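S.K.: Below: one structure in structure tokens.
The values are calculated or read from the model by the stated rules, or taken from the named source; none is laboratory data. Note that the coordinates shown come from a computational prediction; the quantities given were computed from them, not determined experimentally. Note: ideal-geometry Cβ built from the backbone for every residue, glycine included; neighbour counts use all protein chains shown.
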Amino acid sequence: MKIKAAVLWERRTPLRVEDVDIADPAPGEARVKILASGVCHSDLHHIRRETAFVPPLVLGHEGAGVVESVGEGVTRVRPGDRVIIAFGQKCGECYFCLRGQHHLCAAPGPSTVRLRHGDQALTPLLAVGSFAEYANIDARNLVPIPDEMPLDRAALIACGVTTGLGAVIKTARVEPGASVAVIGIGGVGLNVVQGAALAGAARIIAVDLVDRKLELARAFGATHTVNAGREDPVAAVQRLTGGWGADYAFEVIGHPATIRQAYDMVRKGGTAVVVGLADVADEVAIPAADLMRSGKTLVGCFYGSVSPYVDIPRYVDLYLNQRIKLDELISRRFALDEINEAFRAMDAGEVARGVVVFE
Ligand SMILES: [Zn+2]
Ligand SMILES: [Zn+2]
């Protein structure tokens, strides 16, 4: 079948919307008609940086849509089902899946070619590739959602919302009354903020360089804001937490300097959580004696440490019952052929989240 897809032919060049061929769904796969796909900073990371995903790539990993057809042996979903696409593998059988750590699944990615442009195979990012009209997806990654859940807001749950809420609820397990600092208030950072509010954190300190983002953080539950361009964020967080440091700090940028700041701004015995995607070559220096003496925890967080079948329906339910904000996250909607403008707007800090919508 011919479809339109935004292709990254070479790093650091604009995406090009092309007519590409999509295969029939292989056994175990479903073909999903994509109706909305959020634009995430990590898509931009694959454009700009050297990563394990080599162009030509079809980016997009924050997608939702409707199942169009299914391959052999698929029983999880049927044509017509409305779904959120969870990325990564979820084999259900490996060392990690058996321990409920589906986000760490060790199964290999798809072995079939799903997308072609002429003779050239295209790799869908994270086995999703949702900047396209259709995507073939391992059916185990599809989470059905109720009819009343709007698909553009559902798409946000495929990455940003799940990563942000999961970081607080699943990775760190923030308790009521805790103090929380959040470094980097993009689409994911805002969800860390609202996750902390949901968890009952007493103090939620948002840290960013852009005042407009800090204002938005307040609307999502931040009690204090720090502009790191005007004030040392570590000193500010210490001042705002009685001199001790925060119980929890979340780094949502993916940079060694801010990871170190997150470590420095938690109190003794506190927990610093790395949520941002750094370069593969980056390393972080932590004072070794302090790590031992302070009893701090520095922990990584991939995909909010969630079990998608359990947690994604919960996050949908939180939205449907007005317990989390998603409408306010979507600042702009773009057509697929405006994809480069969507990246520009995100990079310029003009949007909380941009969403590519189809039809
Ligand atoms: Zn993402
Ligand atoms: Zn697995």
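S.K.: What about GLY354, is it under 18 Å from the mean Cα position of the chain (by Cα) and buried (at least 17 other Cβ atoms within 10 Å of the Cβ)?
M.R.: yes
S.K.: Now a separate question. Would you confirm whether any residue within the range 5-22 is within 16 Å of ligand 1 (Cβ to nearest atom) and of a type in the set (D, E, K, R)?
M.R.: no
S.K.: Go through the residues of the range 45-52 one by one and say whether even a single one is closer than 18 Å to ASP152 by Cα, more than 16 Å from ligand 2 (Cβ to nearest atom) and modelled with pLDDT of 95 or more.
M.R.: Of all residues in the range 45-52, those closer than 18 Å to ASP152 by Cα come to none.
Scanning the range 45-52 turns up no residue that is closer than 18 Å to ASP152 by Cα, more than 16 Å from ligand 2 (Cβ to nearest atom) and modelled with pLDDT of 95 or more.
S.K.: Follow-up question, since we're still on this one. Residues ALA281, ALA235, ALA219: which one is modelled with pLDDT under 95 and under 29 Å from ASP347 (Cα atoms)? Lay out the reasoning, then the answer.
M.R.: Values: ALA235 fails: modelled with pLDDT under 95; ALA219 fails: modelled with pLDDT under 95.
Testing whether each residue is modelled with pLDDT under 95 and under 29 Å from ASP347 (Cα atoms) leaves just ALA281.
S.K.: Determine which member of the set ALA272, ALA262, ALA281, ALA288 is among the small types (Gly, Ala, Ser), under 24 Å from LEU44 (Cα atoms) and either free of Cβ contacts under 8 Å to residues at least 60 places away in the same chain or in contact with a Lys or Arg (Cβ under 6 Å, 6 or more places away or on another chain) (or both).
M.R.: Just a single option satisfies the conditions, and that option is ALA281.
S.K.: Now for a separate question. Which residue pairs have Cβ atoms under 6 Å apart, sit 6 or more places apart or on different chains, and have a first residue in the range 54-70 that is assigned by TED's automatic domain parsing to the domain that holds ASN136 and farther than 9 Å from ILE85 by Cβ and a second that is away from ligand 2 (no atom under 16 Å from the Cβ) and of a type in the set (Lys, Arg)?
M.R.: VAL66/LYS33; VAL66/ARG82; GLU68/ARG31; GLU68/LYS33; SER69/ARG31
S.K.: Might you let me know whether the range 41-51 holds any residue that is assigned to a loop (DSSP other than H, G, I, E, B), assigned by TED's automatic domain parsing to the domain that holds LEU336 and among the hydrophobic types (A, V, I, L, M, F, W, C)?
M.R.: Within the range 41-51 (the criterion being assigned to a loop (DSSP other than H, G, I, E, B), assigned by TED's automatic domain parsing to the domain that holds LEU336 and among the hydrophobic types (A, V, I, L, M, F, W, C)), the answer is no, since none of the residues qualifies.
Per-residue answers, yes or no, for (1) acidic (Asp, Glu); (2) within 29 Å of GLN101 (Cα to Cα):
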{"position": "THR171", "(1), (2)": "no, yes"}
{"position": "GLU175", "(1), (2)": "yes, yes"}
{"position": "ILE183", "(1), (2)": "no, yes"}
{"position": "GLY186", "(1), (2)": "no, yes"}
{"position": "ARG212", "(1), (2)": "no, no"}
{"position": "ARG218", "(1), (2)": "no, no"}
{"position": "ARG239", "(1), (2)": "no, no"}
{"position": "ASP247", "(1), (2)": "yes, yes"}
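S.K.: Being under 17 Å from ASP290 (Cβ atoms) and touching a Gly at 6+ places or on another chain (Cβ under 8 Å) is the filter here, so list the residues in the range 232-250 that pass it.
M.R.: VAL237, GLN238, GLY245, ALA246, ALA249, listed by residue number.
S.K.: What are the residues in the range 47-86 that are within 16 Å of ligand 1 (Cβ to nearest atom) and surrounded by fewer than 22 Cβ atoms within 10 Å (Cβ to Cβ), if any?
M.R.: Within the range 47-86, ILE47, ARG48, ARG49, THR51, ALA52, PHE53 meet the criteria.
S.K.: Applying the selection to the range 1-44, what residues are among the basic types (Lys, Arg) and either within 16 Å of ligand 2 (Cβ to nearest atom) or touching a strand residue (DSSP E or B) at 6+ places or on another chain (Cβ under 7 Å) (or both)?
M.R.: Matches in the range 1-44: LYS2, LYS4, ARG16, ARG31, LYS33.
S.K.: Among the residues of the range 106-117 satisfying the criterion of being within 11 Å of ligand 2 (Cβ to nearest atom) and under 17 Å from GLY28 (Cα atoms), which is surrounded by the fewest Cβ atoms within 10 Å (Cβ to Cβ)?
M.R.: If we take residues in the range 106-117 being within 11 Å of ligand 2 (Cβ to nearest atom) and under 17 Å from GLY28 (Cα atoms), then PRO108 is surrounded by the fewest Cβ atoms within 10 Å (Cβ to Cβ).
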